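One structure below.
The values are calculated or read from the model by the stated rules, or taken from the named source; none is laboratory data. Please read all numbers here as calculations on a predicted model, not as lab measurements. Cβ coordinates were reconstructed from backbone atoms using ideal geometry, including for glycine residues, and neighbour counts include every protein chain displayed.
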Amino acid sequence: MTTAVDKPRILLVDDEPNLLDGLRRQLRRDFTVETAVGAANGLFALKPNDPFAVIVSDFLMPGINGAEFLAAAAKAAPTSTRMLLTGHTSLADAAVTVNKGRVYRMLLKPVDPETMMAALRDCVTQHELVVSERELLESTLQGSVKALSDVLSLASPSAFGRAVRMRRVASAIMDRVEVENRWAVELAVEMAQLGIVSLPPSVTDKLDTGAELSPAEQEMVDRLPAVAEQLISPIPRMAQVAECIHFSRKGFDGSGAPEDTVSGDGIPFGGRLLRLVQDHDAMLLHGMSPVIALATMRASARLYDPALLEAFAATDAASSGAIRGVMLHDLQPGMVLAVAVSSRSDTLLVPAGQEVTLSLIMRLENFAALEDGVAEPLMVLDERGVTADAAPDPGATA
């Protein structure tokens, strides 16, 4: 016998309390049923840490209709399966409703109990598939990615630092635009640096300092996306990540690699974002201030997605921001270096934009124990100067 704990949880949303009470009585033997009168109460019932297996909504409700409610519910509870009850019979209306609300099942009223029960069971099965796939993604995929990230941090700490900086900027941009499969884009930003392990140390050193590359060296650097793509392609479910990296040197106007006819919005979102954050980070490495870097990018606006460029301009990464000086013994994990850290003889130790970690603090303490030491104070972003809804500035200079 199925216990209350084992029963799938479903949410029923309608503007008629009596109808909800009737459905609850009809379904409570097989499901744990919660009800909400109206779309507003339905959205309030959604809890990120306690998702429903199925969300069922009537279509005709005052204010927000069922399709609009389910579209909002898809963002608030992406693993929940959505079902719509409607009296509409127009195929055109049905198509719009299903697409807008990302509806898995749509039933025409009146619905007999057997049909309703069968549809709910199908929805529960779909929910279980979605949850299982997400668990696979989080365990298997992220485990593989962490291993690659650890290899990058050991093989090239500077490249790992660039990946961290670019991911912070990318996250700040994506906080301001609508993004599907954000996880894939974030991974692409981080994994795009993997190709650097194939470079000779002399070329890597030039990249770290922003020094000018010879034509042969530039050709090696231009091949980095292909190398990174080859490294991650064998990992299951990384096709979308690889695609983002494949287009990471493509200009919004269609210029750059790969040489094809794709341009504008036809370029995958992750590729467009990668082009922007990689160019921005390279400009900072060449000594540009964040303000000058933004002006330079706007002067070459044809290379960048206009919407992403404007979203970037609204982040703290595009301005100098507020910085303050701290001594090495006051450095704390989570701080962000606003200015590169150097030895007292001006040897670069850590590039600007690096997020401070315990291992980084230990590394700097080791440098400080040497005769050349560490130049202090260290300049970090002042959190008191960062707005609550903005990401910290990963590239400010003094």
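What to note about this one:
- Selection of the stretch 244-270 for residues being closer than 12 Å to ALA192 by Cα and either touching a residue at least 40 places away in the same chain (Cβ under 8 Å) or outside the structural domain of ASP205 (by TED's automatic domain parsing) (or both) yields CYS244, ILE245, SER248, GLY270.
- In the stretch 277-287, the residues that are surrounded by fewer than 23 Cβ atoms within 10 Å (Cβ to Cβ) and not charged (D, E, K, R): GLN278, ALA282, MET283, LEU285, HIS286, GLY287
- Selection status of GLU229, under 19 Å from LEU285 (Cα atoms), free of Cβ contacts under 8 Å to residues at least 40 places away in the same chain, out of contact with any Leu (no Cβ under 7 Å at 6 or more places or on another chain) and not β-branched (Val, Ile, Thr): no
- Flag if VAL130 is outside any helix (DSSP H, G or I) and more than 30 Å from PRO333 (Cα to Cα): no
- Against the numbered list (1) part of a helix (DSSP H, G or I); (2) over 30 Å from LEU348 (Cα atoms); (3) small (Gly, Ala, Ser), ALA192 comes up short only at (2).
- On inspection, PRO113 passes the criterion of being modelled with pLDDT under 90, assigned by TED's automatic domain parsing to the domain that holds VAL13 and more than 33 Å from the chain's Cα centre (by Cα).
- Within the stretch 5-75, strands (runs of 3 or more DSSP E) holding 2 or more residues that are touching a Gly at 6+ places or on another chain (Cβ under 6 Å): 54-58
- With respect to the stated conditions, ARG344 fails to be of a type outside the set (Phe, Trp, Tyr) and touching a helix residue (DSSP H, G or I) at 6+ places or on another chain (Cβ under 9 Å).
- The set of residues from the stretch 41-75 being of a type in the set (S, T, N, Q) and modelled with pLDDT of 85 or more comprises ASN41, SER57.
- Among the residues making up the stretch 219-277, those that are among the basic types (Lys, Arg), under 22 Å from the mean Cα position of the chain (by Cα) and closer than 24 Å to SER300 by Cα are ARG249, LYS250, ARG272, ARG275.
- Conditions (1) at pLDDT 90 or above; (2) buried (at least 18 other Cβ atoms within 10 Å of the Cβ); (3) among the aliphatic types (A, V, I, L, M); number of the one not met by VAL262: (2)
- Any chance ARG167 is in a loop (DSSP other than H, G, I, E, B) and either under 14 Å from the mean Cα position of the chain (by Cα) or surrounded by fewer than 20 Cβ atoms within 10 Å (Cβ to Cβ) (or both): no
- Which listed residue, of GLU135, GLU178, GLU219, GLU212, is modelled with pLDDT of 80 or more and assigned to a helix (DSSP H, G or I): GLU219
- Qualifying residue in the stretch 76-99 (condition: touching a Leu at 6+ places or on another chain (Cβ under 6 Å), assigned to a loop (DSSP other than H, G, I, E, B) and either buried (at least 20 other Cβ atoms within 10 Å of the Cβ) or at pLDDT 90 or above (or both)): yes
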